Amino acid sequence: MWKTFTDAFYLNFVSDNRWKYLTEGLKTTLIITFFACLMGIVLGFLVGMIRSTYEKTHKLKVLNAICKVYLTVIRGTPVVVQLLIIYFVVFGSVRVDKVIVAILAFGVNSGAYVAEIFRSGIMSIDPGQMEAGRSLGFNYAQTMWYIIMPQAFKTVLPTLCNEFISLLKETSVSGYIAIQDLTKGGDIIRSRTYSAFMPLIAVAVIYLIIVMIFTKLIQILERRLRQNER
């Protein structure tokens, strides 16, 4: 049995340096996840601000309506379909780096969920905080930026970290547009060796290890946030 295992390991990972498919794929996965997360936070912050401003003041009606359409469409359709539409329809006649396309697709998708995270965080802050800011002479924008947002960001930070983990796993569908991410790397090995078990299990283990690391970091962050509140 041990010899069979070592032979399979050598065939799938050592022979022809096939392990590089996994390392290069992991690098691509992390790049897509990181930049898509940044894009999602920026986009989600803007949409969340517009939505919460409308709920508090009933201003920005047109922008709020646009944001509601964006949230409905993005949250109501599969991310893989959005990825295919952006690649084959939006950029169908333009030569664009596939990684950039993936970042845009996952960033737009993540932004819809981050927007609701920010909106709920802002709306959870006591209305008295807004009144206190206005009584100090701040206008609405200054009160939101200096008083409301720091408290809301502290509240939603753990949830944002969990969104990062979800985004990391969602990028596994990048192979639909022929991006060699981590999942695609394992599939390439499978197609070369005709052995599905070991390369796919390796991909699953790598994802699991990364998620466990980030989950542990989130737990540490949450403990420190609770300590700061005492």
Q. In segment 137-189, what residues are within 30 Å of L225 (Cβ to Cβ) and among the aromatic types (F, W, Y)?
A. F138, Y140, W145, Y146, F153, F164
Q: Would you be able to tell me the number of residues in segment 1-23 that are open to solvent by 100 Å² or more (accessible area, probe 1.4 Å) and touching a residue at least 24 places away in the same chain (Cβ under 8 Å)?
A: 1
Q | Residue that is free of Cβ contacts under 8 Å to residues at least 24 places away in the same chain, surrounded by 17 or more Cβ atoms within 10 Å (Cβ to Cβ) and under 23 Å from the mean Cα position of the chain (by Cα), where the choices are I41, I86 | A | I86
**Q.** Hits in segment 163-180 - residues which are closer than 16 Å to A36 by Cα and open to solvent by 30 Å² or more (accessible area, probe 1.4 Å)
**A.** F164, S166, K169, E170, S172, V173
(Q) Among the listed residues K20, K68, K56, identify the single one that is within 23 Å of the chain's Cα centre (by Cα), part of a helix (DSSP H, G or I) and not hydrophobic (A, V, I, L, M, F, W, C). (A) K68
Q: Please work out which one of (1) open to solvent by 30 Å² or more (accessible area, probe 1.4 Å); (2) within 25 Å of S15 (Cβ to Cβ); (3) in contact (Cβ under 8 Å) with a residue 24 or more places away in the chain is the condition V205 fails and give its number.
A: (3)
Q: Test P158 against the criterion of being surrounded by fewer than 17 Cβ atoms within 10 Å (Cβ to Cβ), assigned to a helix (DSSP H, G or I) and in contact with an Asp or Glu (Cβ under 8 Å, 6 or more places away or on another chain), and give yes or no.
A: yes
Q: Give the number of residues within segment 108-142 that are in contact (Cβ under 8 Å) with a residue 12 or more places away in the chain, of a type in the set (S, T, Y), open to solvent by 40 Å² or more (accessible area, probe 1.4 Å) and part of a helix (DSSP H, G or I).
A: 3
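The values are calculated or read from the model by the stated rules, or taken from the named source; none is laboratory data. As the structure is a prediction and not an experimental result, all values here were calculated from the model. Here the Cβ is made from the backbone with ideal geometry for all residues, glycine too, and neighbour counts use every protein chain on show. SASA here: full protein model, heavy atoms, side chains in, ligands and nucleic acids out. Shrake-Rupley method; radii C 1.70, N 1.55, O 1.52, S 1.80 Å.
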